Amino acid sequence: MIPSRVLFGVARRRLGRVSEMWRIAAQVPSLHLANLSRHRESGVFGPTENLVLDLAVGMAATPASVSDGLFAQLQQHFSNAQLVELATHIAQGHFRSRFNRVFHCQPAGLSAGAFCPPPET
(Lines give C-alpha, C1' and ligand atoms only; values in the text may rest on other atoms or scores of the structure.)
Protein backbone atom coordinates (compact mmCIF):
# COMPACT_ATOMS: atom_id res chain seq x y z
CA MET A 1 0.00 0.00 0.00
CA ILE A 2 1.33 3.44 -0.95
CA PRO A 3 1.23 5.98 1.95
CA SER A 4 -1.51 8.65 1.80
CA ARG A 5 1.00 11.49 1.33
CA VAL A 6 2.32 9.70 -1.74
CA LEU A 7 -1.23 9.13 -3.03
CA PHE A 8 -1.78 12.89 -2.90
CA GLY A 9 1.38 13.36 -4.96
CA VAL A 10 0.32 10.72 -7.48
CA ALA A 11 -3.07 12.36 -7.81
CA ARG A 12 -1.37 15.69 -8.52
CA ARG A 13 0.83 14.06 -11.16
CA ARG A 14 -2.27 12.91 -13.00
CA LEU A 15 -2.90 16.60 -13.52
CA GLY A 16 0.54 17.42 -14.83
CA ARG A 17 2.47 18.67 -11.79
CA VAL A 18 5.85 17.26 -12.77
CA SER A 19 7.85 19.02 -10.06
CA GLU A 20 5.74 17.36 -7.36
CA MET A 21 6.22 13.96 -8.97
CA TRP A 22 9.94 14.57 -9.15
CA ARG A 23 9.98 15.21 -5.39
CA ILE A 24 8.13 12.00 -4.54
CA ALA A 25 9.22 9.76 -7.44
CA ALA A 26 11.74 7.93 -5.28
CA GLN A 27 8.87 6.80 -3.03
CA VAL A 28 6.67 5.46 -5.84
CA PRO A 29 7.67 2.23 -7.58
CA SER A 30 8.40 2.57 -11.31
CA LEU A 31 5.77 -0.08 -12.01
CA HIS A 32 3.14 2.21 -10.49
CA LEU A 33 4.33 5.23 -12.47
CA ALA A 34 4.35 3.27 -15.71
CA ASN A 35 0.73 2.23 -15.17
CA LEU A 36 -0.86 5.51 -14.07
CA SER A 37 -2.76 6.00 -17.32
CA ARG A 38 -4.24 2.48 -17.04
CA HIS A 39 -4.41 2.18 -13.29
CA ARG A 40 -7.58 0.04 -13.17
CA GLU A 41 -6.49 -2.48 -15.79
CA SER A 42 -2.89 -2.80 -14.62
CA GLY A 43 -3.59 -4.65 -11.38
CA VAL A 44 -0.65 -2.93 -9.64
CA PHE A 45 -2.72 -0.51 -7.56
CA GLY A 46 -4.75 -1.39 -4.50
CA PRO A 47 -8.47 -0.59 -4.14
CA THR A 48 -7.91 2.70 -2.28
CA GLU A 49 -5.23 3.81 -4.73
CA ASN A 50 -7.57 3.12 -7.64
CA LEU A 51 -10.30 5.21 -6.01
CA VAL A 52 -7.94 8.16 -5.52
CA LEU A 53 -6.78 7.92 -9.12
CA ASP A 54 -10.42 7.69 -10.28
CA LEU A 55 -11.09 10.90 -8.37
CA ALA A 56 -8.11 12.61 -10.01
CA VAL A 57 -9.26 11.50 -13.47
CA GLY A 58 -12.82 12.65 -12.78
CA MET A 59 -11.66 16.03 -11.52
CA ALA A 60 -9.40 16.47 -14.56
CA ALA A 61 -12.29 15.91 -16.98
CA THR A 62 -13.94 18.91 -18.61
CA PRO A 63 -16.42 19.38 -17.09
CA ALA A 64 -15.32 17.65 -13.88
CA SER A 65 -17.21 14.41 -13.34
CA VAL A 66 -17.20 12.69 -9.95
CA SER A 67 -20.14 10.36 -9.54
CA ASP A 68 -22.09 9.95 -6.31
CA GLY A 69 -21.03 6.29 -6.36
CA LEU A 70 -17.33 7.15 -6.50
CA PHE A 71 -17.74 9.72 -3.73
CA ALA A 72 -19.56 7.17 -1.55
CA GLN A 73 -16.73 4.67 -2.09
CA LEU A 74 -14.15 7.31 -1.17
CA GLN A 75 -16.08 8.04 2.04
CA GLN A 76 -15.56 4.42 3.08
CA HIS A 77 -11.79 4.98 3.08
CA PHE A 78 -11.35 8.66 4.01
CA SER A 79 -12.82 11.06 6.54
CA ASN A 80 -14.53 14.22 5.30
CA ALA A 81 -11.45 16.26 6.26
CA GLN A 82 -9.19 13.89 4.30
CA LEU A 83 -11.49 14.09 1.26
CA VAL A 84 -11.41 17.88 1.39
CA GLU A 85 -7.60 17.81 1.54
CA LEU A 86 -7.35 15.27 -1.27
CA ALA A 87 -9.74 17.18 -3.55
CA THR A 88 -7.90 20.41 -2.74
CA HIS A 89 -4.54 18.94 -3.74
CA ILE A 90 -5.96 17.61 -6.99
CA ALA A 91 -7.74 20.89 -7.78
CA GLN A 92 -4.61 22.93 -7.04
CA GLY A 93 -2.61 20.75 -9.41
CA HIS A 94 -5.22 21.29 -12.09
CA PHE A 95 -5.25 25.04 -11.43
CA ARG A 96 -1.46 25.25 -11.76
CA SER A 97 -1.51 23.25 -14.96
CA ARG A 98 -4.08 25.52 -16.61
CA PHE A 99 -2.49 28.68 -15.25
CA ASN A 100 0.88 27.64 -16.67
CA ARG A 101 -0.66 27.01 -20.09
CA VAL A 102 -2.06 30.55 -20.24
CA PHE A 103 1.41 32.02 -19.73
CA HIS A 104 3.24 29.37 -21.77
CA CYS A 105 5.32 28.36 -18.75
CA GLN A 106 7.96 25.86 -19.71
CA PRO A 107 9.36 23.06 -17.54
CA ALA A 108 12.21 24.15 -15.27
CA GLY A 109 14.17 20.95 -15.86
CA LEU A 110 13.64 19.70 -12.31
CA SER A 111 12.65 16.27 -13.56
CA ALA A 112 15.35 15.85 -16.20
CA GLY A 113 16.16 12.17 -16.44
CA ALA A 114 13.26 11.22 -14.16
CA PHE A 115 10.48 8.84 -15.07
CA CYS A 116 7.55 10.57 -16.77
CA PRO A 117 4.49 8.43 -17.50
CA PRO A 118 2.75 8.97 -20.83
CA PRO A 119 -0.50 10.94 -20.74
CA GLU A 120 -3.81 9.13 -20.73
CA THR A 121 -5.31 8.81 -24.21
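Take the conditions (1) modelled with pLDDT of 80 or more; (2) surrounded by fewer than 19 Cβ atoms within 10 Å (Cβ to Cβ); (3) over 14 Å from the mean Cα position of the chain (by Cα); (4) not acidic (Asp, Glu); residue 50 misses just one of them, which is (3). All told, residue 64 falls short of being touching a residue at least 12 places away in the same chain (Cβ under 8 Å), out of contact with any Phe, Trp or Tyr (no Cβ under 7 Å at 6 or more places or on another chain) and either surrounded by 11 or more Cβ atoms within 10 Å (Cβ to Cβ) or among the polar types (S, T, N, Q) (or both).
The values are calculated or read from the model by the stated rules, or taken from the named source; none is laboratory data. Everything numeric here is computed off the predicted structure, so don't read it as measured data. No Cβ is skipped: glycine too gets one built from the backbone with ideal geometry, and neighbour counts run over all protein chains shown.
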